[in-house]
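The values are calculated or read from the model by the stated rules, or taken from the named source; none is laboratory data. All values reported here derive from a predicted model rather than from experimental measurement. Here Cβ is always computed from backbone atoms with ideal geometry, including for glycine, and neighbour counts include all displayed protein chains. Areas reflect the complete protein model, heavy atoms only, side chains present, ligands, DNA and RNA absent. Shrake-Rupley method; radii C 1.70, N 1.55, O 1.52, S 1.80 Å.
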Amino acid sequence: MSISSAFSLGGAAATKPLPLPPPLNHHRIGLTKLNHLHSPKPNLITIQSQFLKTSSSYFSLRKLPRVHVSSSNDAQFNSVPEENQLQQQQQSSFTEFITSERIKVVAMLALALALCNADRVVMSVAIVPLSLANGWRRSFAGIVQSSFLWGYLLSPIAGGVLVDNYGGKVVMAWGVTLWSLATFLTPWAAETSLLALLAVRTLLGMAEGVALPSMNNMIVRWFPQTERARAVGISMAGFLLGCALALTLSPILMSQGGIFSPFVIFGLSGFLWVLVWLSATSSTPDRSPQISKYELEYILNKRQKSIPVESARPKKVKVVPPFRRLLSKLPTWSLIVANAMHSWGFFIVLSWMPIYFNSVYHVDLRRAAWFSAVPWAVMAVMNFVAGLWSDMMIQSGTSVTLTRKIMQSIGFVGPGVCLIGLATAKNPSLGSAWLTLAFGLKSFSHSGFLVNLQEISPQYSGVLHGISNTAGTLAAIIGTVGAGFFVELVGSFPGFLLLTSLLYFLAALFYCLYSTGERVNFDDPVG
């Protein structure tokens, strides 16, 4: 029996036979024709409706994209594979991370901080031959080294305000340009006059004061909260490797090209970095022409679930930040104390370890630089380990507050114990081992207070960094100059290390009592 006769038996008065169902890729044409057909039989309508639904569903399923993109069609097909795709997008793979645009940004930040630290560390090695050539006493050598901190004391708060208003990319570019110029001019200044040398070192400190606030700003913009600790770890690893590089290479360069050759080489390297930074990076992910659509969506989606940083961007920080409200909160003071203690210990080792190994263990300058360079290299590696562990703790459900307190406790209590061992070490190898362990553990504090700055107030993170950095600089000046006078008066450098150990324990206790990983409302009026 033909199809037309079968339809006629159903009571349809058709002048021509009903066409066969159209191919799936032309189902819209078939839909138009079938809608014009009339049949009083309800079973025929049911057959046509089922066919159209099957055809439409099959065609729509064929057009589903491989990568999940929110659309109205997705709501119609709520399936398990869709949930699996969403979970895969929420957790960025290691391969995606190391090949992403944001890893290029953090790599450039690490290079900038490496140059930042190398430029300031060169003087720690050059101060020994300069002191011998000019007849400087040890206390006066400490004043020369601390001149860097005079400028560093002036710029962090102003630099933080600039970063919050103009972004980390522009401010970092200006900072690297100025501190590279100061480094390059150091040989000329040293041969001109002592006043010129102090002025150039002060300029170096002023320019470098914007480095860490700029780094923090760029990481907030480019990384979601679950990746910020490792991003800070990578950046600070560059900072510490710059120290190890300068301490290791400076004696070699000085022996080959003179006392001032490291200043020239590191200064020129900074100018090259600025050219690459301006041409290869963007201030925010949405302004990057190289970033993939997947990475941009990943950053924005993850960031919206933590802290909406971009929504605060149009609100520029006031020219005069609300210092009274910022300083009225105990979490702010926990950051100030932590940064002050961190800088105290950091600059003590940075400025005095070559002289310490030279005077206490009677090793030559090149070997002394090696002993004080190894701990920085270990600290650089541990920085990334600590950051990765911190991110994994948060991803596994540990609260941000508890994670930061654990990281900070390791970063302060560990070095405090190790400095006791260093003060009692009987030979340079054992002393270097204690110093290496101390700074390997010290790196955990970068996943504590340094990331915490971004979390309690994204809008004022630059200003908060500037305030805490200023306190840290004051502590560093007191520690750097005080160490020289302490050794002259007491005659014991190990005694100063024991004092530093005690301060580490007290700072760790204060941070654990008053810090938080939650956002703090600084807009409330002070009561």
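Annotation: of all residues in the stretch 185-238 being crowded, with 24+ Cβ neighbours inside 10 Å and of a type in the set (S, T, N, Q), the one that is farthest from Leu154 (Cα to Cα) is Ser235. Residue selection: Ser261 satisfies the criterion of being without any contact (Cβ under 8 Å) to a residue 40 or more places away in the chain, out of contact with any Lys or Arg (no Cβ under 9 Å at 6 or more places or on another chain), of a type outside the set (Phe, Trp, Tyr) and surrounded by fewer than 24 Cβ atoms within 10 Å (Cβ to Cβ).
Pairs please, first residue from the stretch 342-353 and under 12 Å from Trp376 (Cα atoms), second anywhere and assigned to a helix (DSSP H, G or I), Cβ atoms under 6 Å, 6+ apart in sequence or on different chains. Listed by first residue and then by second, the contacts come to Met353/Ser372. Criterion first (in a helix (DSSP H, G or I), among the basic types (Lys, Arg), open to solvent by less than 10 Å² (accessible area, probe 1.4 Å) and farther than 20 Å from Ile355 by Cα) does Lys442 satisfy it? Here the answer is yes, as Lys442 does meet what is asked. Got at least one residue in the stretch 418-437 being touching a His at 6+ places or on another chain (Cβ under 9 Å) and open to solvent by 10 Å² or more (accessible area, probe 1.4 Å)? Within the stretch 418-437 (the criterion being touching a His at 6+ places or on another chain (Cβ under 9 Å) and open to solvent by 10 Å² or more (accessible area, probe 1.4 Å)), the answer is yes, since at least one residue qualifies.
Tell me which residues, restricted to the stretch 100-124, are within 15 Å of the chain's Cα centre (by Cα), of a type in the set (A, V, I, L, M, F, W, C) and open to solvent by 10 Å² or more (accessible area, probe 1.4 Å). Listed by number, the residues that qualify are Ile103, Ala107, Met108, Ala110, Leu111, Ala114. Each residue in the stretch 130-156 was checked for being modelled with pLDDT of 80 or more, open to solvent by 10 Å² or more (accessible area, probe 1.4 Å) and farther than 12 Å from Ala211 by Cα, and 1 pass.
Summed over the stretch 406-438, residues that are in contact (Cβ under 8 Å) with a residue 60 or more places away in the chain, part of a helix (DSSP H, G or I) and either more than 30 Å from Ser515 (Cα to Cα) or in contact with an Asp or Glu (Cβ under 7 Å, 6 or more places away or on another chain) (or both) total 4. Here Ser180 meets each of (1) without any contact (Cβ under 8 Å) to a residue 40 or more places away in the chain; (2) open to solvent by less than 50 Å² (accessible area, probe 1.4 Å) with one exception, condition (1). Exactly one residue out of Asn84, Asn73 is at pLDDT below 75, more than 30 Å from Met353 (Cβ to Cβ), open to solvent by 50 Å² or more (accessible area, probe 1.4 Å) and touching a Ser or Thr at 6+ places or on another chain (Cβ under 7 Å): that is Asn73. Taking the stretch 272-295 as the range and being in a loop (DSSP other than H, G, I, E, B), open to solvent by 20 Å² or more (accessible area, probe 1.4 Å) and of a type outside the set (Gly, Ala, Ser) as the test, the residues that pass are Pro289, Gln290, Ile291. Scan the stretch 489-519 residue by residue and report those that are of a type in the set (A, V, I, L, M), within 23 Å of Ser461 (Cα to Cα) and buried (at least 18 other Cβ atoms within 10 Å of the Cβ). Those that are of a type in the set (A, V, I, L, M), within 23 Å of Ser461 (Cα to Cα) and buried (at least 18 other Cβ atoms within 10 Å of the Cβ): Ala507, Ala508.
Give the stretch 458-488 a look and list any residue that's within 23 Å of Trp352 (Cβ to Cβ), open to solvent by 10 Å² or more (accessible area, probe 1.4 Å) and of a type in the set (A, V, I, L, M, F, W, C), or say none. Residues satisfying the conditions are Ala471, Leu474, Ala475, Ile477, Ile478, Val481, Phe485, Phe486, Val487.
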